[in-house]
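Have a look at the structure below, then the notes.
Read-outs throughout are calculated quantities, based only on the coordinates presented, and are distinct from any laboratory measurement. The shown structure was predicted, so the numbers you read here are calculated from the model rather than taken from an experiment. Cβ coordinates were reconstructed from backbone atoms using ideal geometry, including for glycine residues, and neighbour counts include every protein chain displayed.
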Amino acid sequence: MNKNINTAQPSSTKKLTLTVSEAAEVLGIGRSAAYQGIHSGEIPSIKIGSRIIIPKVALQQKLQAAGQTNSKG
């Protein structure tokens, strides 16, 4: 039986997640501030083992929601 792990690869090779350092750079904040945002729940994240990653889609949605809230006030 031939099992190929690569059959589940997405058609695009673009990363779906960011590291904490990458997210901090995108947001224009320091790495420590990014970790604080993750621990407080302000920055959406997933923990896999000891690694923390930030889904790009969740971060974009969070930023869009914050932009809509700020434009109303």
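Things worth noting here:
- Rg/Rh for the range 16-72 (Cα atoms only, Rh after Kirkwood) is 0.98.
- Taking the number of Cβ atoms within 10 Å of each Cβ as an exposure proxy, the fewest-first ranking of R51, R31 is R51, R31.
- Amide H partners (placed H, <5 Å) of T17, local residues excluded: K56
- Estimated vicinal HN-Hα couplings, Hz - the range 44-58 in sequence order (Karplus 6.51, -1.76, 1.60; Gly, Pro = x): x, 8, 10, 9, 10, x, 9, 9, 10, 10, 10, x, 4, 4, 5
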